[in-house]
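Peer 1: Okay, here's the structure, questions in a sec.
We did not get these values from a lab; they are worked out from the coordinates using the rules stated. Nothing here was measured: the structure is a model prediction, and the numbers come from that model. For neighbour counting, all protein chains shown are included, and Cβ atoms are generated from backbone atoms with ideal geometry for every residue, glycine included.
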Amino acid sequence: MKYAIISDIHGDIIALENALKEIEEKNVDKIICLGDFVGIGPYPEECVNKLRSLGDRLIIVKGNHEDRVIKGLPEYLHDNKLKVTEKERAHAKWVYSMLSEESREFINNLPEEIIIEDGNRKIAIMHYPSNEKKEYYNFIFYPTKDEANYLFKKYDADIFLFGHTHVAFAKHYEDKWLFNPGSLGLPDYRTYGTYGILEVSDDNTNYNEYDFKFDYDKVLEQMNELDYPQLDVMKRLFFGTKW
């Protein structure tokens with residue numbers, strides 16, 4: 001089958017719509033979303049609705065931003081125990097307030113991980129690998145073979161799809177294929193987003209990375225208009241601006 005792999009949309013409906021237009025031209029069978037489709041960006045509800053409109057073509061898991069919006073933030077994040085600030089809590093509450101009850105229920109019912117089978121290949125789908133306590137491991141942008149074995153040791157699969165780092169990555173280590181499509185909606189000092197196309201058969205695994213343009217300035221304009229909690233931090237960290 002042929003899959004489009006998207007991740008880390010982060011409430012950026014402009015980027016999502018542009019990416020899906022490109023993806024439709026590539027004749028994919030399924031679209032796999034690796035989570036973090038809300039949070040940071042200005043339009044969480046619109047992103048949820050757009051994804052849901054894909055119907056049976058969509059395979060989706062939730063990420064840490066969906067979890068924190070629905071369940072609330074814990075005192076610490078990640079296994080290196082990053083302390084959560086009150087501003088982060090305020091932002092999560094704002095995102096929650098922007099979601100309809102239907103969208104909240106949709107998010108709440110999403111799995112954190114899925115393993116699907118395509119022919120003789122097992123594909124593990126997740127936002128990021130976690131430990132036995134369901135805590136994400138620390139960021140590793142470009143996992144080595146040993147790091148990959150550690151990160152994915154609990155999963156029985158051949159192909160591993162993950163996001164979270166916002167950095168595109170593709171590597172084949174003997175019995176493992178690792179693919180991270182990067183961030184679709186948060187450009188991090190770039191004016192384009194990224195996604196991947198994965199084709200799987202019994203005797204072949206092929207993956208290609210794609211960049212696409214979207215109206216970067218329009219997204220920032222929308223963020224400024226809404227003026228929501230932690231806006232200055234969001235723009236500085238994820239859009240590379242001090243507006």
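Peer 1: Obtain the nm distance between the two label points defined at Lys122 and Glu209 by a simple spin-label model: each point lies 7 Å from its Cα along the Cα-to-C-beta direction.
Peer 2: Label-label distance for Lys122 and Glu209, simple model: 2.8 nm.
Peer 1: What residue among Val48, Val219, Val233 has the largest mean-square fluctuation in a Gaussian network model of the chain, using Cα springs under 10 Å?
Peer 2: Residue with maximal mean-square fluctuation among Val48, Val219, Val233: Val233.
Peer 1: How far is helix 216-226 tilted, in degrees, relative to the longest principal axis of the Cα atoms in the chain, given as a value from 0 to 90 rounded to the nearest 10?
Peer 2: For helix 216-226, the angle is close to 40 degrees.
Peer 1: Divide, for the range 75-148, the radius of gyration over alpha carbons by 2.2 N^0.38 Å, where N is the residue count.
Peer 2: 1.44
Peer 1: From the alpha carbon gyration tensor of the range 114-181, can you work out the equivalent ellipsoid semi-axes (sqrt of 5 times each eigenvalue) and give them in Å, largest to smallest?
Peer 2: Ellipsoid semi-axes (Å, largest first): 17, 14, 12.
Peer 1: Further question on the same structure: Beyond a 24 Å Cα-Cα separation, which of these cross-linked pairs lie in this structure: Lys21/Lys122; Lys62/Lys87; Lys71/Lys133; Lys50/Lys134?
Peer 2: Lys21/Lys122; Lys50/Lys134
Peer 1: Could you work out the local net charge near Val167, counting Lys and Arg as +1, Asp and Glu as -1, over the other residues with Cβ closer than 15 Å to its Cβ?
Peer 2: After counting each charged neighbour, the total is -4.
Peer 1: At q = 0.11, 0.12, 0.16 Å⁻¹, what base-10 log of I(q)/I(0) does the Debye formula yield for the range 1-105 when every alpha carbon is treated as an equal point scatterer in vacuo?
Peer 2: -0.36, -0.43, -0.71
Peer 1: If you stretched the chain out fully between Lys21 and Glu135, how much longer would it get, using 0.36 nm times the residue separation minus the C-alpha to C-alpha distance?
Peer 2: The Lys21-Glu135 span can extend by a further 37.6 nm.
Peer 1: Could you give the Stokes-Einstein D for the chain in µm² per second, using the C-alpha Kirkwood radius, 10 °C, 1.306 mPa s?
Peer 2: Answer, rounded: 88 µm²/s.
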